[in-house]
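Chemist: Can you read through this structure? Questions will come right after.
The values are calculated or read from the model by the stated rules, or taken from the named source; none is laboratory data. Model, not experiment: these values are computed from the prediction. We place every Cβ from the backbone using ideal geometry, glycine too, and count neighbours over all the protein chains shown.
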């Protein structure tokens, strides 16, 4: 855990330093653009033990936030930073029983892990009008809530409570993000973004066995404009 934390901090420092080292004339000419994005996470926890990997299932969650693109070199290399809310987690298939132990049916126990994430990515853009891009870089996340509850597959009047699971997980998460996308001009100085991104956590987020790492594939739509 400590090793990966040090590596990620070094990578983030290097990326930020690269932006700071652009010469003054280039800095004055660089374009700063800001925007918003939102999309869906197909997320899971990757466990250290195969038994739990068989239990954990991928699920849909939501993420969204604000971002900025800072041009570092001509119109090719950009520093992309974000401030996002990102819901992560996993789910397990379960058998639901009544107070007598009789099976009522099946369902899912859903783990909802809520993070504020700060990715710092290098973005490489290609093309003139419609532009394709690739991006990669580290992120750090801070858990703001962790809850879990039963979602039955059958009709029932029973309301199953959400349990507070915050004591089961560490607050800090960190890892790498990488993705591809397309930037489509729609108005003068404004663009529509469509892309996907893979997230891989490198820090164990679970306080108990097994060790768990966040993972997710995000699909997003964004809108970007000049400032």
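Chemist: Take region 59-92 and flag every residue that is under 29 Å from residue 44 (Cβ atoms) and touching a helix residue (DSSP H, G or I) at 6+ places or on another chain (Cβ under 8 Å).
Modeler: Here is the first cut: in region 59-92, the residues under 29 Å from residue 44 (Cβ atoms) are 59-67, 80-92.
Selection gives 92 alone.
Chemist: Ok, one more. I need the full set of residues from region 170-227 which are touching a helix residue (DSSP H, G or I) at 6+ places or on another chain (Cβ under 8 Å), more than 17 Å from residue 146 (Cα to Cα) and loosely packed, with under 14 Cβ neighbours inside 10 Å, in order please.
Modeler: The answer is none; no residue qualifies.
Chemist: Which residue out of 130, 120 is closer than 28 Å to residue 222 by Cα, surrounded by fewer than 19 Cβ atoms within 10 Å (Cβ to Cβ) and in contact (Cβ under 8 Å) with a residue 24 or more places away in the chain? Walk me through how you get there before you give the answer.
Modeler: On the way: 120 fails: surrounded by fewer than 19 Cβ atoms within 10 Å (Cβ to Cβ).
From the options 130, 120, the qualifying one is 130.
Chemist: Return yes or no: is residue 109 over 19 Å from residue 39 (Cβ atoms), at pLDDT 95 or above, within 24 Å of the chain's Cα centre (by Cα) and part of a strand (DSSP E or B)? Lay out the reasoning, then the answer.
Modeler: On the way: over 19 Å from residue 39 (Cβ atoms): yes; at pLDDT 95 or above: yes; within 24 Å of the chain's Cα centre (by Cα): yes; part of a strand (DSSP E or B): yes.
Here the answer is yes, as residue 109 does meet what is asked.
Chemist: Would you say residue 101 is loosely packed, with under 12 Cβ neighbours inside 10 Å, free of Cβ contacts under 8 Å to residues at least 60 places away in the same chain, farther than 26 Å from residue 186 by Cβ and more than 27 Å from the chain's Cα centre (by Cα)?
Modeler: yes
Chemist: Shifting gears a bit: Among the residues of region 115-154, what is the count of those that are in a strand (DSSP E or B), under 23 Å from residue 187 (Cα atoms) and over 22 Å from the mean Cα position of the chain (by Cα)? Write out each step before concluding.
Modeler: First, the residues of region 115-154 that are in a strand (DSSP E or B): 115-126, 131-152.
Cutting the leftovers down to under 23 Å from residue 187 (Cα atoms) gives us 123-126, 131-134.
After this cut, where a residue has to be over 22 Å from the mean Cα position of the chain (by Cα) as well, the list is 126, 131.
Counting residues in region 115-154 that are in a strand (DSSP E or B), under 23 Å from residue 187 (Cα atoms) and over 22 Å from the mean Cα position of the chain (by Cα) gives 2.
Chemist: Moving on. Might you let me know whether region 69-84 holds any residue that is under 30 Å from residue 149 (Cα atoms), loosely packed, with under 14 Cβ neighbours inside 10 Å and at pLDDT 95 or above?
Modeler: Within region 69-84, one or more residues are under 30 Å from residue 149 (Cα atoms), loosely packed, with under 14 Cβ neighbours inside 10 Å and at pLDDT 95 or above.
Chemist: Select from region 63-78 the residues that are touching a strand residue (DSSP E or B) at 6+ places or on another chain (Cβ under 8 Å) and either in a loop (DSSP other than H, G, I, E, B) or free of Cβ contacts under 8 Å to residues at least 24 places away in the same chain (or both) and list them in ascending order. Can you show your working first?
Modeler: Kept after step one, since they are touching a strand residue (DSSP E or B) at 6+ places or on another chain (Cβ under 8 Å), are these residues of region 63-78: 63-72, 75-78.
Passing the criteria: 75, 76.
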